[in-house]
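Asks: Questions regarding the structure given below will be posed in turn.
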Amino acid sequence: MPHIQTGLKGQKEMVVEHQDLASVMGNIGAEVLSTHRVVLLMEMAARNAIKDCLPEGKMTVGTFVRIRHLAAAPLGSKLWAEAQVRKVEGRRLFFEVAVYDEFEKIAEGENEQLIVSIKNLLAKVIKKTIR
């Protein structure tokens with residue numbers, strides 16, 4: 001399995017559907033892509049950049065995100081996110097991320113993810129459900 005290094009790139013595409021709209025999340029009248037959905041698309045592109053490099057039993061979890069939402073994307077828009085590994089510090093991965101539609105860049109920013117053990121993460125979650 002390849003080593004995670006700076007420069008690795010990932011991408012994720014989507015079409016804006018009704019459930020992705022800001023109006024569905026409570027911003028009444030905003031029939032455009034919600035910011036939280038932009039963040040998810042960015043994180044998915046970042047994961048795609050390193051998915052073939054993760055050891056068996058490991059995954060990444062998002063730990064930090066900072067973005068600028070630059071433009072609106074209406075229902076039916078075709079979007080794609082691009083991510084590139086900017087820095088690797090042990091288990092911490094830092095990505096530059098951006099989202100585009102067919103006309104312009106609609107968001108840009110940074111995403112940090114942490115490599116974790118799936119088994120350990122699930123064990124911690126189970127402890128929270130036992131009362």
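The values are calculated or read from the model by the stated rules, or taken from the named source; none is laboratory data. What you see is a predicted model, and the numbers here were worked out from it, not measured in a lab. Glycine also receives a Cβ, built like all others from the backbone with ideal geometry; neighbour counts cover every protein chain displayed. Surface accessibility is based on the protein's heavy atoms, side chains included, excluding ligands, DNA and RNA. Shrake-Rupley method; radii C 1.70, N 1.55, O 1.52, S 1.80 Å.
Asks: Name the aspartates and glutamates eligible as straight-distance cross-link partners of residue 51: C-alpha to C-alpha under 19 Å, and not fewer than 8 places from it in the same chain.
Replies: The qualifying aspartates and glutamates are 13, 43, 82, 89, 96, 110, 112.
Asks: What order do 60, 35 take when sorted by accessible area (1.4 Å probe), most exposed first?
Replies: Working: 60 5, 35 65 Å².
Final ranking, largest accessible area leading: 35, 60.
Asks: First obtain the Kirkwood hydrodynamic radius of the chain from its Cα pairs, then insert it into the Stokes-Einstein equation at 25 °C and 0.890 mPa s, and state the resulting D in µm² per second as a whole number. Intermediate values should be presented prior to the final figure.
Replies: Details: Rh = 15.7 Å.
After rounding, the answer is 156 µm²/s.
Asks: Helix-only estimate, please: 222 nm mean residue ellipticity of the chain, summing -39500 (n - 2.57) across DSSP H runs of length 4 or more and dividing by its residues, to the nearest 500. Working shown, then result.
Replies: On the way: 2 runs with 28 residues, N = 131.
Taking each H run of at least 4 residues, the total per residue is -7000 deg cm²/dmol.
Asks: What FRET efficiency do you get for residue 78 and residue 114 if R0 is 30 Å and r is their Cβ-Cβ distance, rounded to the nearest 0.05? Could you put the intermediate results ahead of the total?
Replies: Working: r = 31 Å, r/R0 = 1.03.
So, using R0 = 30 Å, E works out to roughly 0.45.
Asks: Across the stretch 52-131, how many lysine pairs separated by 8 or more positions, or lying on different chains, have Cα atoms within less than 16 Å? Mind showing how you got there, number by number?
Replies: Values: 58/119; 58/124; 78/105; 119/127; 119/128.
Taking the Cα cut-off of 16 Å, the pair count is 5.
Asks: Peptides 116-127, 44-55, 68-79: what's the order by average Cβ count within 10 Å, highest mean first? Working shown, then result.
Replies: Numbers: 116-127: 10.8, 44-55: 18.2, 68-79: 15.0.
So the peptides 116-127, 44-55, 68-79, ranked by packing, come out 44-55, 68-79, 116-127.
Asks: List the chymotrypsin sites (Phe, Trp or Tyr not before Pro) in the stretch 24-131 that DSSP assigns to loop (not H, G, I, E or B) and whose Cβ has at most 13 other Cβ atoms within 10 Å. Which are they? Intermediate results must be reported in sequence, preceding the final value.
Replies: Values: sites: 64, 80, 94, 95, 100, 103; in loops: 103.
Within the stretch 24-131, the qualifying chymotrypsin sites (Phe, Trp or Tyr not before Pro) (loop, at most 13 other Cβ atoms within 10 Å) are 103.
Asks: Expressed as an acute angle from 0 to 90° and rounded to the nearest 10, what is the orientation of the C-alpha long axis of helix 35-50 relative to the principal long axis of the chain?
Replies: 40 degrees
Asks: Give me the distance in nm between label points sitting 7 Å out from Cα along the Cα-to-Cβ direction at residue 54 and residue 86, one decimal.
Replies: The two pseudo-label positions are separated by 2.1 nm.
Asks: Let me have the relative contact order for the chain, percent, based on Cα pairs under 8 Å that are six or more residues apart.
Replies: On the way: 282 pairs, mean separation 38.1, N = 131.
Relative contact order, the chain: 29 percent.
Asks: Tell me, what ³J(HN,Hα) does each residue in the stretch 123-131 have, in order and in whole Hz, if you take phi through Karplus 6.51 cos²θ - 1.76 cosθ + 1.60 with θ = phi - 60° and put x for Gly and Pro?
Replies: So the Karplus estimates, Gly and Pro as x, are 4, 5, 5, 4, 4, 6, 8, 8, 10 Hz.
Asks: If you take the beta carbon distance between residue 13 and residue 131 as r and set R0 to 30 Å, what does 1/(1 + (r/R0)^6) give as a FRET efficiency, to the nearest 0.05? It would help to have the intermediate numbers written out before the result.
Replies: Details: r = 42 Å, r/R0 = 1.39.
It comes out at approximately 0.10.
Asks: Treat each spin label as a single point 7 Å out from the Cα along the C-beta direction, and report the residue 5 to residue 61 distance in nm.
Replies: Spacing of the two 7 Å Cα→Cβ label points: 3.0 nm.
Asks: I need two numbers for the stretch 40-85: Rg to one decimal and Dmax as a whole number, Cα atoms only, in Å.
Replies: When restricted to Cα atoms, the stretch 40-85 yields Rg and Dmax of 13.2, 39 Å.
Asks: At residue 27 and residue 102, where each label point lies 7 Å from the Cα along Cα→Cβ, what is the point-to-point distance in nanometres?
Replies: 2.3 nm
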